[in-house]
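Working notes for the structure below.
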Amino acid sequence: MTIPLSYYLLLSGIVFLTGVIGVLLRRNIIIILLSVELMLNATNINFVAFSQYFHDVGGQVFVFFALTVAAAEVAVGLAIIIALYRAKSTINIDEFQLLKW
Amino acid sequence: MEQAFFFYFAFVIAAASVLVIAVRNPIYSAMALLVMFFHVAGLYVTLHAEFLAAVQIIVYAGAILVLYLFVVMLLNMRQDDRYHRQWPMAAAVGLTLFIEAVILTAMKGWTAPPVATGRETTVGEAGNTEAIGDVLYSTYLFPFEVASLILLVAMIGAIILAKKDPEAVNSEG
Amino acid sequence: MSLYGTDLLALLPELIVVAAACLVIALDPITPASRRDLLAWLSLGALALCLGLTGGQIGTLNVRVSAFSDLVVIDAYARFWKVLLYGVTGLTILMSLPYLKAERIHLGEYYGFILLALSGMMVMVSGADLLTIYLGTELMSLSLYVMTGLNRSKPRSLEAAAKYFVLGAFSSGILLYGISLLYGMAGSTKLASIASAIGTHGANDPLVLIATILVAVGFSFKLAAVPFHMWTPDVYQGAPTSVTAFMAVAAKAASFAAFMRVFVEGLGGLKADWSLLFLLIALVTLVLGNVVAIVQTNIKRMLAYSSIAHAGYALIGFVAAGRAVGPSGSTPGLASVMIYLALYSFMTLGAFAVIGMLRKGEREGEEIEDFTGLAKRQPLAAFLMLVFMVSLAGIPPTAGFIGKFYVFMAAVDAGLAWLAAIALLFAAVSAYYYMRVVMVMYMREPDPAAVAPRLVTSPALSFVLACAVAGVIFFGLFPNSLVSFALQSVLTFK
Amino acid sequence: MHSGGFPWLSLLLVLPLVGAAAMYVVTESTARWIALAATLADLCIALPLWWLFDPQASQMQFTEHVAWITAPPIYYSLGLDGISLPLVLMTVAIMPLCVLASWTAITTRVQGFMAMLLIMETAMVGVFVALDFVLFYIFWEAMLIPMYLLIGVWGGPNRLYAAIKFFLYTLAGSVLLLVAIFALYFYGGHTFDILALSQGTYPASLQMWLFLAFFAAFAVKVPMFPFHTWLPDAHVEAPTAGSVILASILLKMGTYGFLRFSLPMLPDASRSFTPMMVALSIVAIIYGAYMALAQVDLKKLIAYSSVSHMGFVTLGIFVLNQQGIEGAVLQMVNHGITTGALFLCVGMIYERTHSRLIADNVGLASPMPQYATLLVIFALSSLGLPGTNSFVGEFLVLVGTFLWSKVATAFASLGIILAAAYILWMIQRVVFGVPLPHQLTKLKDLNRRELATLVPLALLVFWIGLFPNPLVSRMHQSVNGMIASMSRTKVAPTTQLSAGEAAPLLADGGQPLTTEGISR
């Protein structure tokens, strides 16, 4: 009656791929960052599922740290975006003239 | 029963993920992400990671996403239409969160750890918050400190980068 | 709960660096702008202390100390990289002093961030668990994102930071997913557990292969290996030059250190798979890096592509370690990468130091054209740049040649003579763009109408240049000490 | 580890470097004198070697052997044999003349120029005396940068193109050499010692690949026929001293490489590639001479004649017999003297008329009799007139070729006839025409410095032409030894060496065989 591990893997795989596609396709820097959050959540699902499977708390600890890092990244990333917006008045990557992708 | 829960959470998570990258308006994206965060937290509860579920909601939904929305509101002035069609989205978000809340209350008492392999640090029966707290300050003390440094960098970095007046730092000449 | 006394003692250098970083950040608001140099000297003092501590441990070369429940390890391999990182960081700080003043971004926090990035790198090279390695990488990367965007009056600097940040976050997402799959296989993120799990599982589990590829991709971003290099030119060009130098040298060295430890110590059982993967990556990297560098007109961009190419050369040594068949195993290959990166540090730091001190009007002189006729106006600076360019091109008797010598020797030993031949032919291609800089400096007459670039020098910068050129020449002629240091450090993996 | 005796060769290497270092602190006029003093001192050190050299011994002499890099074992290992002795002497003899030739021709950044000349001298001597393959490679590559700067900074109008072309051609050729050196290291018993590697036996297929890698490096430097295109550009754009170094010494390194490495280390491959090498040599002889006929620029004419003459050298080497190889070594020296002198002559006339075109420099016999006399001497030497040095060398090469194939000899002789045509035609115009009236005032005859540059070379032309024996006798044993060692693989691929020698050769790492000296 329990859910096989592979279901979790499949779910996280879908979410991860969605995130990757989002990063590659979208041009709004905010949405790119949201897509990165999707990738991180997919990772966390994996960790928690494996952690439950192994009965090992290590995976959950990893998620805890991943969350911390995600929060830190967001803070820095949004600060960069704000500073950039002040300088350029846009956060659309296509409009950054100096540095092309 | 558990499978039903899983499939519900999985479906909403996947659908919300796709929405995050599919909709045009960053606000809608963020809202879809909010739904996703809540359901991931729900999934954690079904996996007996209550502590992480709480952290997920507090940190992701409470802090990170609010930060995103704040920045989106602050910067994205051009899309004026976002105020007009917000009720369907509000309804969608509200509905899914409501369903999730119902499910999580309904599955209280469901405990079925799949396979016990007996690793070094096993999750206690009493819930995992205590177990995580225990290892966090013993086994994982070192990464804990590193993480604190990461937060320090983020804090100071954000302050430096987002400070309003770039000329203020140039006082030295 | 124990107090971890011995563990803390083992990590004393890390603690000193972190303490100095916090001290710098705390002191910055109460330091008058004119006295900010003191913060730099404080940082340097901490580095000197660490160098002494780590250097004192070198005598105990093959002792492997694990600390904090085996999450970190202090072994000869880590010590090699730490010594290198201290040196590079110290030189970067010295180089930053005049540069930051000239660019008017002389912030006290800058030194704090350099030290925090360094502490992240130290965690990376010492990490024996994917968790610590990941956290170290993030600590380094976050500090670097901030440092890249430090010059907020230049939109280019901020755009570089944004680009670096987005791609960096993306790559660590990929890396993290790979790590989660490895955890799913081994039930632990310790490298040793992963290695033994691969031993029992066998190498053919598709999930493990996917995980390996994801981890490889994640690290390839940090190493700036093709096809994950696209952030490099823009970030190198946009970042303040001293930060670029720090990224090109220290971040690359630390990434290589962690990367090699993960793949050799953790994923050693999949050698056959990843060496093939990295063989392709190395080949594409050095071809693309060298070819695209030819058409660059901005010298920082050119050096960015050249650093991509150099990552390709270093990867060849790594591939040789993976495919080694000889009795000495992977030792020569891994040691060659360490030698290569150590020597690469000297020449790259030197080149960026020269670029950083060249100014044209109010801006940095960073177009290759700005070097026109430098040999006439500033013969010494031109000569130093000549030495660094020659060394980057790998021509004896400079350090660059010694680096290539060991890498290609390892490659031929591993039966990759054809790869060495191709790579060396592209080294000849690379000589074209390095020599173009020499040509512009020595053989072109400056346009009399143009604004003449001038040099912003200082005793600190002179010291950096002297160190760099001495390293390039000394190790070009007498590489023995470095080679034996690297060879002994690699014994960790025996 | 020192093999005893006075470190002649190290002194030869260090002295120019000391001079180059001194350039940093001196003024322009003292720079010239210091450079002259350093090169002359080097010559004075090298001259005694001529008499100290034991012609009866086929081993390396004046050896020095000091451990340099421990892992892998690389030695600072120097020595001279009958093949390298004449080349070293020629190098140190040419260098003071280069300094003299640049005395007034170079006016900008004199210190830098002289420093480059002196660094070149160290590197060139180093190439000829190195007995460790890595040491050799380092000297070999170290020449690139100073030569690049000599052409690029002090060269003619099109110098940038010529300098980068020279640099990339020679670098691209020599990088493959490095791979070949590594392959030899792993197959040849984990040593870089040239003598030990020359004793090794290698599988035939490996020899093929190594030969091609060596060929890429050496053929570009010679330059052999399809790889020669950098040469006319570099010669024409280089300053006079640069052209002289290039023609007299740098080109010899390619042929020296064939002699020192390709033949002794890869005897089987050398034999199987002989037809190709001979064919390329003959093409070079005829093509170079034919191109020289068509040139209107004196420097280009001499550059193409170099291609032709170097074809004789490679021809002599690859017929693989005593006469051919001795002729080749002799011809290397001769070409160094004669072509160097011709470039000096062109440089002198260029200083006067600022033109290298034949049409602008006609009828020099009456206004400049001394110059004309010397030019004729060198020109006749270049075409191989009996009594001059080139005659002896070309004759020996042709004899060697004759032993190998009569048809090849016939084709090669065609090159001599063509040489006579372009040289005599050149002399007829430059020396015996009617001088252009507007040039007459500029055509002052040679001053004492210029005479001091050319006369020693003219004496050498006649000395070698009339008494070649001291030179030939000194190379005799070395050439003999080399040819004898080439036949070693004829017996069997692996059992050739005696058991006692073979064991350490194939052993892993450790001391190279020659520490005690197989052939020293």
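Any read-out appearing in this document is the output of simple, stated calculations on the displayed coordinates, not a laboratory observation. In this text the structure is predicted, and so the values were computed from the model without any measurement. Here the Cβ positions follow ideal geometry from the backbone for every residue, glycine too, while neighbour counts run over all protein chains shown.
The figures follow:
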quantity	calculated
Principal axes of region C:7-491: Cα extent on each, largest first, Å	72, 55, 41
Helix-only mean residue ellipticity at 222 nm for chain D, each DSSP H run of n ≥ 4 adding -39500 (n - 2.57), per residue, nearest 500	-23000 deg cm²/dmol
Point-to-point label distance, residue D:466-residue D:354, nm (Cα→Cβ direction, 7 Å offset)	4.2
Per-pair calculated FRET efficiency, R0 = 60 Å: residue D:40 and residue B:163 via Cβ, rounded to 0.05	0.30
Geometric extent, Cα atoms of region D:1-77 - Rg, Dmax (angstrom)	16.0, 47
For chain C, calculated [θ]222 nm from helices alone, where every DSSP H run of n ≥ 4 adds -39500 (n - 2.57)	-24500 deg cm²/dmol
Directionally averaged shadow of chain A, computed from the convex hull of its alpha-carbon atoms, nm²	7.3
J(HN,Hα) series, region C:104-120, from Karplus relation 6.51 cos²θ - 1.76 cosθ + 1.60, nearest Hz, glycine and proline x	6, 10, 7, 9, x, 4, 3, 5, x, 5, 4, 5, 5, 4, 4, 5, x
Helix C:299-323 vs. chain C, principal-axis angle (Cα, 0 to 90°, nearest 10)	20
Segment residue D:51-residue D:67, length gained on full extension (0.36 nm per residue, minus Cα span)	2.9 nm
In region D:1-51, chymotrypsin sites (Phe, Trp or Tyr not before Pro) in a DSSP loop with at most 14 other beta-carbon atoms within 10 Å	D:24
Segment residue C:6-residue C:26, extension gain: residue separation times 0.36 nm, minus the distance between their alpha carbons	4.4 nm
Gained length - residue D:290 relative to residue D:473, 0.36 nm times residue gap less alpha-carbon distance	62.4 nm
FRET efficiency, residue A:10 to residue C:209 (Cβ-Cβ, R0 30 Å, nearest 0.05)	0.95
Area projected by the alpha carbon convex hull of region C:197-257, averaged over all directions, nm²	5.0
Kirkwood hydrodynamic radius of region D:384-483, from inverse mean 1/r over distinct Cα pairs, in Å	16.9
Percent breakdown of C-alpha pair distances by 10 Å bin, ordered from the shortest bin, for chain D	4, 20, 31, 27, 13, 4, 1, 0
Inter-probe distance in nm under a simple model that places probes 7 Å from Cα toward Cβ, at residue D:107 and residue D:205	6.3
P(r) histogram, all alpha-carbon pairs of region C:272-328 included - 10 Å bins from 0, percent	27, 40, 22, 9, 1
Kirkwood Rh and Cα Rg combined as Rg over Rh, evaluated for the protein assembly as shown	1.05
By average C-beta atoms within 10 angstrom, highest first, the peptides A:36-48, B:151-163	A:36-48, B:151-163
Chain A - mean residue ellipticity at 222 nm from DSSP helices (-39,500 (n - 2.57) per run, n ≥ 4, rounded to 500)	-27500 deg cm²/dmol
Under-5 Å amide H pairs with residue D:436, H placed in peptide plane, nonlocal only	D:362
Whether region B:1-80 is rounded, prolate or oblate, judged on the alpha carbon gyration tensor where a/c under 1.5 counts as rounded	oblate
Magnitude of the charge dipole, the protein assembly as shown, Cβ model with Lys/Arg +1 and Asp/Glu -1, debye to 20	2660
In order through region C:206-220: 3J(HN,Hα) via Karplus (6.51 cos²θ - 1.76 cosθ + 1.60), integer Hz, x for Gly, Pro	x, 4, 5, 5, 4, 4, 4, 5, 5, 5, 4, 5, x, 6, 4
Exceeding the 22 Å Cα-Cα cut-off - candidates A:88/B:163; C:222/C:300; C:376/D:252; C:252/C:300; B:163/C:222	C:376/D:252; B:163/C:222
Two-site label geometry, residue B:155 and residue C:15: point separation in nm, points 7 Å out along Cα→Cβ	2.1
Amide H contacts under 5 Å for residue D:132, placed H, 5+ residues apart	D:77, D:194
Cα Rg, Dmax, region C:300-431, angstrom units	16.7, 59
Rounded if a/c under 1.5, otherwise prolate or oblate - region C:109-180, Cα gyration tensor axes	oblate
Charged-residue dipole, Cβ positions (Lys, Arg, Asp, Glu), chain D about Cα centre, Debye nearest 20	1020
Cβ-derived FRET efficiency at R0 30 Å, residue C:295 paired with residue C:418, nearest 0.05	0.65
Packing rank of C:205-211, B:135-141, C:142-148, D:133-139, where each peptide gets the mean count of other beta carbons within 10 Å, highest leading	C:142-148, D:133-139, B:135-141, C:205-211
Backbone N under 13 Å from the residue C:280 label point (7 Å along Cα→Cβ), restricted to region C:204-220	C:213-214, C:217
